[in-house]
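Heads up: the structure comes next, in structure tokens.
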Amino acid sequence: MSEEKARTNPFFLPYNTLHDVAPFDRIRLEDYEEAFMEGIRRDNEQIEKTINNPAKPTFDNTIINKDDDTEGYYDLLDRVSTVFFNLLSAETNDEMDALAQKMSPILTQHANDVRLNERLFERVKYVHRHHRKLTPEEKTLLDNCYDGFVRSGALLDKEGKDTLRRLTEEAGVLGLQFSQNLLKENKAFTLHLTDEKQLDGLPQTAIDAAAEEARQREVEGWVFTLDQPSYSPFMTYSTQRDLRRQMYMAKNTECIHDNDSNNLEICKRLVNLRREIAQLLGYKTYADYVLKKRMAGNVKNVYRLLNDLVDAYKPTAVEERDQLKALARKMEGKDFVLEPWDMPFYSHKLQLRKYNLDAEMLRPYFQLDKVIDGVFGLANRLYGITFKENKDIPVYHPDVKAYEVFDRDGSYLAVFYADFHPRKGKQGGAWMTQYQGQSIRVKGKVKSEEFSTAAEKENVRPHVSVVMNLTKPTPEKPALLTLGEVETFLHEFGHSLHGMFANTRFESLSGTNVLWDFVELPSQFMENFAIEKDFLRTFAFHYQTGEPLPDELIRRIVRSRNFMVACACLRQVSFGLLDMAYYTQRNEFTADIIPFEKKAWRKAILGRQRNDTCMTVQFSHIMAGGYAAGYYSYKWAEVLDADAFAVFKRHGIFDQKTAQSFRDNILSRGGTENPMTLYKRFRGGEPTIDALLKRNGIKRKKEVS
């Protein structure tokens, strides 16, 4: 028999890899569909066994019903889904996009089949009402399981369930199409320059990167793209206002053109589908449905937060904007009108005048390899963990680095993948994900109530990944980052720590599986270290001379920390207001997207708005990324992160006792308890907005709740 004929789909076998990591080097495109379909078949088989079990429903035989004592109905489907959809964001191609379109309705139908299975729900409902004494974690799992069925339509009649199937399947397809359209639009645009004069003002790093992009595309000159490492420096430094306008308009008109990638109607339909789903399930709006399972609790609390932030920050934001206008007019003439494509350029000029600081001054001190050492060193100093690159661990692209992570006592903790740079087939932005979640399994058959005393347990450790779009190296220089990119790295690394420190029994409650408006606390908390001198001193050395980042530059960084902070806050609040405007709709949404958008966030917008640009159609977070009716979470978590970091500042930013408390009470506990309970256990009380206002240098104009 030939080797080809003997080959077995790698998803069907034990991986037999170090730490059971995904064998990216053995997976082929054709493996996915076969594994998806077999995973669905095995799921259905396991469900049939469960619902046909003649024994009385119990926590053990219904909620956790597998020999390895992990919740769920089989892990083949989870295994293939995890790999496929992670790569769909990080390393896709036309064939994978087509397969995703094909599988999306099939997978949504299967999910509906599980959640709308009446006999299965009857067993779950029985256990929810009649169960033995449970541990807090078991009780959380049971409540989540029951609520999951109810929130997925289990209490609906047959007509309602059929309607829900139709709505959720359509929403799944449209969410995927939204993302694919955005990726195509983003990659379709390039600014190709051949006249060296058009590079005026650009730093050498940006010029070198554009030359390298042109070389890879086999064209002369320089190529700039809409990927952030190319777009942001161009908008900040280019003196060519017409070219800045061209780049800005390309970026901000993605997916509103009259072509196959237009997302306007898709957004409108997604808003209506989610409203219909929520109302079918008994909620007035989709926001009411979502916030029932959030720390915020209800729409009123979200708007209170957003409005409080507008009230607190808007006076300062107006002052910041006036300073920017004054500088621009001083430089260009009293009739000069500041446009959106001018904002980064003149902000940079103002920052130079006020603090003698810009991103390019710092870039030589932020060599990526050294930043990696610094971030890993920070984790070691706080928590005692170490990272060791292992090139024998398979990766899905040569850019990706794989590390083994070891705990303070030398025991294996996790696998950490890092995917740093933009490329074709990779979504923009930055995110953390995982290829294997953490859980604790008992070896052998043990009753669930005997779990705590079981002799042999296996703590299945997580495989986490951070995916970013940081500045790439060139033939002349290593990858040199901006301070903002260092903050992005710290942010995503914070998420990864949340995943790597997970230490819970059930995978669905581990790591980042927490209420959505709590998930950003560990990530935003880590950003605080970016301007701390004692941290910068560990890695910020000039890539050519080896000289440390000068004290004077550090002083300027600290002094400029709150530069344009109020405008930045209002920008985030505006996104939150837009999100809530869509998902508090009670009636059919028929408005035109662009004018609706401009009205929705007007309270947080300074100055005149343009009617030929649109954010909604590229707002992946709320249309395709899980943040629908939840974008406020970033500001909600910012209140928490400022409050939490204040504890570290009081005891010392590297204080291991404080770090251990943060790890034990928040990072390792996942979603096993209410997040406010976890936070108060660390903090000793509930957070207030005071630490955030103090950090941002905002004087309270009135009492802010």
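The values are calculated or read from the model by the stated rules, or taken from the named source; none is laboratory data. Predicted, not measured: the structure shown is a model, and the values here were computed from it. Positions of Cβ are backbone-derived with ideal geometry, glycine not excepted, and every protein chain shown enters the neighbour counts. Note: accessible area is taken over every heavy atom of the protein model, side chains too, but ligands, DNA and RNA are not part of it. Shrake-Rupley method; radii C 1.70, N 1.55, O 1.52, S 1.80 Å.
Antiparallel versus total DSSP beta bridges in the chain: what percent is that, nearest 5?
That works out to approximately 85 percent antiparallel.
Find which of Phe529, Gly499, Thr512 sits farthest along the positive direction of the dipole of the stretch 454-557, computed with +1 on the beta-carbon of Lys and Arg, -1 on that of Asp and Glu, about the Cα centre.
Of the candidates, Gly499 comes out farthest on the positive side.
Straight distance only, please: which aspartates and glutamates reach the Cα of Lys56 with their own Cα at less than 12 Å, same-chain residues fewer than 8 apart left out?
Those aspartates and glutamates meeting the cut-off are Glu122.
Along the positive direction of the dipole of the chain (beta-carbon charges: Lys, Arg +1; Asp, Glu -1; about the Cα centre), which of Met580, Ile698, Val223 reaches farthest?
Farthest towards the positive pole: Ile698.
Using the structure shown, list the pairs from Lys184/Lys477; Lys102/Lys424; Lys300/Lys657; Lys370/Lys533; Lys424/Lys533; Lys370/Lys391 with a Cα-Cα distance above 26 Å, or answer none.
Check vs 26 Å cut-off fails for Lys184/Lys477; Lys300/Lys657; Lys424/Lys533.
How tilted is helix 565-583 with respect to the longest principal axis of the chain? Cα atoms for both, answer in degrees (0 to 90, nearest 10).
Helix 565-583 and the main axis of the chain meet at about 40 degrees.
Per DSSP helix of 4 or more residues, -39500 (n - 2.57); summed, then divided by the residues of the chain. What does that give at 222 nm, rounded to the nearest 500?
-16500 deg cm²/dmol
Order the following by accessible area, largest value first: Lys477, Lys354. Probe radius 1.4 Å; ligands, DNA and RNA are ignored.
Sorted by accessible area, descending: Lys354, Lys477.
Please arrange Thr482, Thr504 by accessible surface area, largest first, computed with a 1.4 Å probe and ligands excluded.
Largest accessible area first, the residues go Thr482, Thr504.
For Tyr289, tell me the accessible area in Å² from a 1.4 Å probe, rounded to the nearest 10.
Answer for Tyr289: close to 40 Å² accessible.
Just how large is the dipole of the chain about the Cα centre, in debye to the nearest 20, putting +1 at every Lys and Arg Cβ and -1 at every Asp and Glu Cβ?
2820 debye
Can you compute the charge dipole magnitude of the stretch 205-334 about its Cα centre, using +1 on each Lys and Arg Cβ and -1 on each Asp and Glu Cβ, nothing else charged? Give it in debye, rounded to the nearest 20.
Once rounded to the nearest 20, the dipole reads 880 debye.
When the accessible area of the stretch 228-336 is split by element with a 1.4 Å probe, what percent falls to carbon and sulfur?
Here carbon and sulfur together make up 45 percent of the probe-accessible area.
Give me the accessible area of Phe387, 1.4 Å probe, in Å² rounded to the nearest 10.
Accessible area, nearest 10 Å²: 40 Å².
Stretch Glu218-Asn301 to full length: gain in nm at 0.36 nm per residue minus the Cα-Cα span?
Stretched fully, the Glu218-Asn301 segment lengthens by 24.5 nm.
With a 1.4 Å probe and all protein chains kept in place, how do Ser104, Ser232 rank by accessible area, largest first?
Ser232, Ser104
So what is the accessible area of the stretch 621-705 per residue, in Å², with the probe set to 1.4 Å?
Per-residue value: 42 Å².
Using θ = phi - 60° and the Karplus relation 6.51 cos²θ - 1.76 cosθ + 1.60, list the HN-Hα couplings for the stretch 264-279 in order, rounded to whole Hz, with x at every Gly or Pro.
Couplings: 4, 6, 4, 4, 4, 5, 4, 4, 5, 4, 5, 4, 4, 4, 4, 5 Hz.
Among the lysines, which have Cα under 17 Å from the Cα of Lys354 when same-chain residues fewer than 8 positions away are ignored?
Lys325, Lys330
Give me the dipole magnitude in Debye, nearest 20, for the stretch 289-439 about the Cα centre, with unit charges on the beta carbon: positive for Lys and Arg, negative for Asp and Glu.
The calculated dipole for the stretch 289-439 is roughly 460 debye.
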